[in-house]
Amino acid sequence: MGGELTYDEVGATAGELPAGYRHIRKSSRLGRGEDTFLAASDALMRWDVHRRAGLRVEADADTAAPGTTVVLRWFGFTIPCRVVYVIDEPHRRGFAYGTLPGHPESGEERFCVERDADGEVRATITVFSRPGRWFTRVGDPVARVVQSVMTGRYLRSFIARPSRG
């Protein structure tokens, strides 16, 4: 699935979020140390965070890279996105993707894992969005709840859970 991004403020999740959109900025402590940082950032970059959150992932690359198109599927919804930038620093990794035509919302979402000087590892999700389809305009209050629920699911999905045998 291709097409142009459905918003103009490409890359804005890296700085001040643009006016005229809903803003979400949520973060969660994942633990401490290099092993936690590497496990969480690897899971993020390989789309495992999205899979663990309950989405079906169809990406044109195994890892997130600028220009990668990813189509997420959830309960019959098709959610097409394109990676607009990647963060790859010694203590910070992640990416942001923007919405493509057909996405229920219009805007950008950034996923970032950071390890501070004390070794604490946090995941942060930053979003600006507004309704992108007729059904999210009509059902905007429901769309906001769904977006909030999914943000929470992403944050809980950064660290692998033991499998139940």
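The values are calculated or read from the model by the stated rules, or taken from the named source; none is laboratory data. These figures come from a predicted structure and were not determined experimentally. Glycine also receives a Cβ, built like all others from the backbone with ideal geometry; neighbour counts cover every protein chain displayed. Accessible surface areas use protein heavy atoms only, side chains included; no ligands, DNA or RNA. Shrake-Rupley method; radii C 1.70, N 1.55, O 1.52, S 1.80 Å.
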Cβ pairs under 6 Å, 6+ apart, first in segment 77-88 and hydroxyl-bearing (Ser, Thr, Tyr), second modelled with pLDDT of 90 or more and surrounded by 20 or more Cβ atoms within 10 Å (Cβ to Cβ): Tyr85/Ala96
Lone qualifier among Ile79, Ile87, Ile125 - being in a strand (DSSP E or B), more than 30 Å from Arg32 (Cα to Cα), open to solvent by less than 30 Å² (accessible area, probe 1.4 Å) and of a type in the set (Val, Ile, Thr): Ile79
Some residue of segment 14-33 being more than 18 Å from Ala96 (Cβ to Cβ), among the hydrophobic types (A, V, I, L, M, F, W, C), touching a residue at least 40 places away in the same chain (Cβ under 8 Å) and not in a helix (DSSP H, G or I): yes
Of all residues in segment 97-122 being surrounded by fewer than 22 Cβ atoms within 10 Å (Cβ to Cβ) and in contact with a His (Cβ under 9 Å, 6 or more places away or on another chain), the one that is farthest from Cys81 (Cα to Cα): Ala117
Test: residue in segment 129-148 that is open to solvent by 10 Å² or more (accessible area, probe 1.4 Å), part of a strand (DSSP E or B) and on the phi < 0 side of the Ramachandran plot: yes
Complete set of residues in segment 18-34 that are touching a Gly at 6+ places or on another chain (Cβ under 8 Å), closer than 21 Å to Val49 by Cβ and open to solvent by less than 30 Å² (accessible area, probe 1.4 Å): Gly33
Output for segment 44-68, where each listed residue is assigned to a helix (DSSP H, G or I) and surrounded by fewer than 20 Cβ atoms within 10 Å (Cβ to Cβ): Asp48, Arg51, Arg52
